[in-house]
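Peer 1: Once you've had a glance at the structure underneath, I'll fire off some questions.
What follows draws every value from the coordinates through simple rules; no lab data is involved. What you see is a predicted model, and the numbers here were worked out from it, not measured in a lab. No Cβ is skipped: glycine too gets one built from the backbone with ideal geometry, and neighbour counts run over all protein chains shown.
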């Protein structure tokens, strides 16, 4: 158990470009995991250790979360570096689901940004205790005090400064520790030598004042510290205990600072990770007992109990599928038998590895609280593996719905096969990435969280799978409808030696009035006196159904049609099932143009959430897209705008919305209804359809 209490599982999360990966690189260096520091967009062509994907190194962004493990002062720490871009939000979700604590990195110039707000929301969802690290204190315009204030105002956190900077911008020399009241300088070629000195004279008053503020805030989490303050008997040990207690209880957030790029402030941050963040035994984890009506079961971080393991991320490595796991209870060894509670299948633990970015080391067993990886097991992201005697399921993570789609077409047969393999793997790895074949346009559609998200997957198809694809705006699934009643009386005759074909159908088509449960197609039989024999009535129905599958305006299905048949004729020899189907089909096509056909388009219910200051911009962007605002509400500094907007106008909206709101607003959309297209738009659609038909005929 002593080993478990020393262990820490932490994630590094932040807004894009706050320096998460640079910080991870320094953590690896100071804990002797790597022997040289490389930069994210390094001129040496190596790139940061945690950005192992070629695309990540080129773009200088993190796309997939990477795991590694280090040791600091005898404490094993599992570190996960997560992406900052909103498009890869699932990577942050799944990492926070399995972590016990987190480091929230903030830029000392930009402060709390939109993705910092999203990440903070995710941390609150999983109740993850955190330490804030104000990075880039060496940059022009750095102001850690303003960032600390934003943590309180924008994120509602009880942020407490444990350090103050010695100099700022290009004069940053080190930090003052407000608990020990010592100045810390970082010497040596890479800041690896720590030098403790007296606080510089010009900072003494400020340090004393900030220490008082810190003690006031921390003492609210500890009665013992409060009593000691009244008796003037405060010890460093009491402060450490109080900060740890407050952090784990989510009552306060310790704030540290420095510059990862300039190698300042990282070792005290590692000390804080060990000092203030919880070990696996201090976090309450529950599972659902599937044999007992999904009752909550508290999992104990005890290696003598049967194992309960969560597979939280899948990756396709060179040796097959790699499944990242977090062990919540018990321990697992090579050769152990585990049970997948979703697929109800047993499997043996084969190769067990510990990850270091994209390299790995084989281990024979993994204990409670460990983050490791298994090879070659068949599972999905979020599966629970238990000892065969248990039937528990861990609650899965929150998966946001995809908001954007794109059509992808392979250029040749080989690319088509490779694309199918790639899509199969990507959908398994990433729950926010969906794919399907549109039955109407026959295009392969991919859906994701944003344009960058889909762009990265298309690029990965080309690089990793050699699948050359062409992307295209997906076709909107329009519908056609009739707007007035039209009578029909159609005779189908065909004589080609032997028995011919004969059928006559008469009646009318009319639009079905838009009721709540309006049917797309309805058939009414009003034949009297057997003018059409009963056995041929279903044939007429079948013929009409075939006809409404494709209208003549745009080639899309016709909806809201009631076909009433009230007269007809047959021939005792030449009439047949096929003859009546053909007569019905032709009767519909003949009468369709007289029924004044119209085009309907899908209208989406769009909900936009963002800061109130951008409400005008949000309204404007919806009005420009033929949208109708249904409601608008304000809740403090945030507002929610609900609107109905045609789907054809929503392409590229996520990018536009981000630029209009500095990336602070997000939107969701779902199909609300089909409604008539304005005549100007329908004319353009018809022209485009005619041109497309001509091209196809020319081929």
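Peer 1: Pull up the DSSP beta bridges for the chain and report the antiparallel fraction as a percent, rounded to 5. It would help to have the intermediate numbers written out before the result.
Peer 2: Numbers: 121 of 149 bridges.
Rounded to the nearest five, the antiparallel share is 80 percent.
Peer 1: What number, in nm² with one decimal, is the all-direction average of the projected area of the convex hull of the alpha-carbon atoms of segment 129-169?
Peer 2: On the way: hull surface 12.2 nm².
Seen from a random direction, the Cα hull of segment 129-169 projects 3.1 nm² on average.
Peer 1: For segment 285-394, just say rounded, prolate or oblate: build the C-alpha gyration tensor, square-root its eigenvalues into a ≥ b ≥ c, call rounded for a/c under 1.5, and beyond that prolate if a/b exceeds b/c, oblate if not. Provide the component values of the computation, followed by the final result.
Peer 2: Values: a/c = 1.88, a/b = 1.54, b/c = 1.22.
Cα axes put segment 285-394 in the prolate bin.
Peer 1: Could you give the length gained by full extension between residue 124 and residue 73, i.e. 0.36 nm per residue of separation minus their alpha carbon distance, to one decimal place? Please list the in-between numbers first.
Peer 2: On the way: separation 51, 0.36 × 51 = 18.36 nm, distance 2.93 nm.
Gain in length upon complete extension: 15.4 nm.
Peer 1: Figure the gain on full extension for residue 525 and residue 344 (residue separation times 0.36 nm, minus the Cα-Cα span) and round it to one decimal in nm.
Peer 2: So the extension gain works out to 60.1 nm.
Peer 1: Here is a follow-up. Between residue 237 and residue 607, what is the label-to-label distance in nm when each label sits 7 Å out along the Cα-to-Cβ direction?
Peer 2: Between residue 237 and residue 607, the simple spin-label model gives 5.3 nm.
Peer 1: Here is a follow-up. Give me the one-decimal nm value for the distance between modelled label points at residue 190 and residue 468, 7 Å along each residue's Cα-to-Cβ direction.
Peer 2: 4.3
Peer 1: Roughly what angle does helix 266-276 make with the longest principal axis of the chain, taking Cα atoms, 0 to 90 degrees, to the nearest 10?
Peer 2: Tilt relative to the chain: about 80 degrees.
Peer 1: On to the next question. Of all the C-alpha pairs in segment 585-645, what % are more than 18 Å from each other? Mind dumping the intermediate values first?
Peer 2: Details: 913 of 1830 pairs.
Roughly 50 percent, rounded to a whole number.
Peer 1: Given (i) 0.97; (ii) 1.23; (iii) 1.32 as candidate values of Cα Rg over 2.2 N^0.38 Å, which corresponds to the one derived from the coordinates?
Peer 2: Computed from these coordinates, Cα Rg over 2.2 N^0.38 Å corresponds to label (ii).
Peer 1: Run the quick spin-label model on residue 209 and residue 296: label points 7 Å from Cα toward the beta carbon, then report their separation in nm to one decimal.
Peer 2: Once both label points are built, they end up 4.6 nm from each other.
Peer 1: Tell me the angle of helix 144-153 to the major Cα principal axis of the chain, expressed in degrees between 0 and 90 and rounded to the nearest ten.
Peer 2: For 144-153 against the chain, the angle is about 50 degrees.
Peer 1: Here's another thing I want to ask about it. Taking only C-alpha pairs under 8 Å that are 6+ residues apart, what is the relative contact order of the chain in percent? Mind dumping the intermediate values first?
Peer 2: On the way: 1499 pairs, mean separation 63.5, N = 699.
Contact order relative to length: 9 percent.
Peer 1: Now for a different question. When N is the residue count of segment 452-580, what does its C-alpha Rg come to as a fraction of 2.2 N^0.38 Å?
Peer 2: So segment 452-580 has a normalised radius of gyration of 1.59.
Peer 1: Which shape class applies to segment 404-472: rounded if a/c is under 1.5, otherwise prolate when a/b exceeds b/c and oblate if not, where a ≥ b ≥ c are the square roots of the Cα gyration tensor eigenvalues?
Peer 2: On the way: a/c = 1.44, a/b = 1.09, b/c = 1.32.
In terms of gyration-tensor shape, rounded.
Peer 1: Okay, moving on. For segment 563-594 and segment 327-357, what is the centre-to-centre distance using only Cα atoms, to the nearest Å?
Peer 2: About 64 Å separates the Cα centre of segment 563-594 from the one of segment 327-357.
Peer 1: Also, I was wondering about something else. Tell me, what is the percent relative contact order of segment 602-681, built from C-alpha pairs under 8 Å that lie six or more residues apart? Before the final figure, lay out the partial values.
Peer 2: Numbers: 138 pairs, mean separation 35.2, N = 80.
It rounds to 44 percent for segment 602-681.
Peer 1: Separate question: For the chain, what is the mean residue ellipticity at 222 nm derived from helices alone (per DSSP H run of n ≥ 4: -39500 (n - 2.57); sum divided by total residues; nearest 500 deg cm²/dmol)?
Peer 2: Details: 17 runs with 199 residues, N = 699.
It comes out at -9000 deg cm²/dmol, rounded to the nearest 500.
Peer 1: Can you give the FRET efficiency to the nearest 0.05 for residue 485 and residue 427, using r as the Cβ-Cβ distance and R₀ = 51 Å? Write out the running numbers ahead of the final one.
Peer 2: Numbers: r = 47 Å, r/R0 = 0.91.
Computed FRET efficiency for residue 485 and residue 427: 0.65.
Peer 1: Calculate how steeply helix 236-248 sits against the longest principal axis of the alpha-carbon atoms of the chain, using the helix alpha-carbon long axis, and give the answer as 0 to 90 degrees to the nearest 10.
Peer 2: 10
Peer 1: In a Debye calculation with equal point scatterers on the alpha-carbon sites of segment 202-299 and no solvent, what is log10 I(q)/I(0) at q = 0.15, 0.20, 0.24 Å⁻¹?
Peer 2: Taken in order of the listed q values, log10 I(q)/I(0) reads -0.76, -1.07, -1.27.
Peer 1: Let me ask something else about it. Let me test this: with uniform point scatterers at the alpha carbons of segment 602-681, what is the Debye-based log₁₀ I(q)/I(0) at q = 0.26 1/Å?
Peer 2: Evaluating at q = 0.26 Å⁻¹ gives log10 I(q)/I(0) of -1.31.
Peer 1: Could you give me the percent of Cα pairs per 10 Å distance bin for segment 150-261, shortest bin first, beginning at zero and ending with the bin that holds the maximum distance?
Peer 2: 13, 40, 34, 12, 0
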